[in-house]
Amino acid sequence: HEEQMRQAGINCELSLPPPEQTAIAADRRLSFQACRNVCVNALQILAGSVKKDLRIAIEAVGQERLRLTVRDSGPGIRPEHLPQLFDVFFTTRKGGVGFGLAITRKIVEEHGGTISAANNPDSMGAVFTIELPRQSPIGQARPPAAARLK
């Protein structure tokens, strides 16, 4: 999404350790989709914001987990929306259908991880945090997460 960010005037700061420190055993396609959904939501919010900063960080949490944090400088999340943010069909975007974050939560949980959203305590904007175990249970014989979305 580099070109999309450039055209929208979004400043993106990445904090990534070397790849060997961020390796996890997970379904590549599904874990990519989960991360992409969170980042695309941030880009969509920032496109209409005055301040356009995006910070993405990946870090190890001990030996067993990895954390992805996506912080944006958008308007933040209305407090009344936080409890339903990951629910199917919940959206605040005009023309949105409310599947992206619901699917993301399902993918993350299927991998034995967690996802949370909060308002940035340091400034304006939202903070999404995904934590995944380095060894995922996704290899068990089960249908893909998207097929079991309820």
Query raised in the report: What do you reckon, how do VAL108, VAL97 stack up by accessible area (1.4 Å probe), largest on top?
Result: VAL97, VAL108
Query - Most positive-pole-ward Cα, PHE32, LEU101, LEU66, against dipole of the chain from beta carbon charges - result: LEU101
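Assuming a ≥ b ≥ c are the square roots of the Cα gyration tensor eigenvalues, decide whether the chain counts as rounded (a/c under 1.5), prolate (otherwise, with a/b larger than b/c) or oblate. Intermediate results must be reported in sequence, preceding the final value.
On the way: a/c = 1.79, a/b = 1.27, b/c = 1.42.
Oblate shape, in that a/c is at least 1.5 and b/c is the bigger or equal ratio.
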Query raised in the report: Cα centroids of the range 26-52 and the range 92-137: how far apart, whole angstrom?
Result: 10
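Quick check for you: with a 1.4 Å probe and neighbouring chains kept, what is the accessible area per residue of the chain, in Å²? Walk me through the numbers on the way to the answer.
Numbers: 9050 Å² over 150 residues.
Ligands and nucleic acids excluded, the figure is 60 Å² per residue.
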Query - Rounded tilt (10° steps) of 28-47 against the dominant C-alpha axis of the chain - result: 10
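Among ARG78, ARG134, what's the order by accessible area (1.4 angstrom probe), most exposed first? Could you put the intermediate results ahead of the total?
Values: ARG78 140, ARG134 45 Å².
These residues rank, largest area first, as ARG78, ARG134.
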**Report entry** the chain - percent of accessible surface contributed by carbon and sulfur, probe 1.4 Å
**Finding:** 53
Requested in this report: Heads up, I need the accessible area for LEU43: 1.4 angstrom probe, whole protein in place, Å², nearest 10.
Outcome: 10
Requested in this report: Kindly write out, for the range 110-121 in residue order, the coupling ³J(HN,Hα) from the Karplus curve 6.51 cos²θ - 1.76 cosθ + 1.60 (θ = phi - 60°), rounded to whole Hz, with x marking Gly and Pro.
Outcome: 5, 8, x, x, 9, 9, 9, 9, 7, 7, 5, x
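From largest accessible area down, sort SER15, SER49; use a 1.4 Å probe on the protein chains. Please list the in-between numbers first.
Working: SER15 60, SER49 20 Å².
The ranking, largest first, comes out as SER15, SER49.
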Requested in this report: Please name whichever of LEU46, ALA57, THR22 sits farthest to the positive end of the charge dipole of the range 15-58, dipole taken about the Cα centre and charges placed at Cβ: Lys and Arg +1, Asp and Glu -1.
Outcome: LEU46
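Can you bin the range 63-123 into rounded, prolate or oblate? Criterion: square roots of the alpha carbon gyration tensor eigenvalues sorted a ≥ b ≥ c, rounded for a/c under 1.5, prolate for a/b above b/c, oblate for the rest. Walk me through the numbers before you get to the answer.
Working: a/c = 2.26, a/b = 1.18, b/c = 1.91.
Since a/c reaches 1.5 but b/c is at least a/b, the shape of the range 63-123 is classed as oblate.
The values are calculated or read from the model by the stated rules, or taken from the named source; none is laboratory data. As the structure is a computational prediction, the values presented were derived from the model and not from experiment. All Cβ positions, glycine included, derive from the backbone under ideal geometry; neighbour counts span all protein chains shown. Protein only, heavy atoms only, side chains kept; ligands, DNA and RNA dropped before computing areas. Shrake-Rupley method; radii C 1.70, N 1.55, O 1.52, S 1.80 Å.
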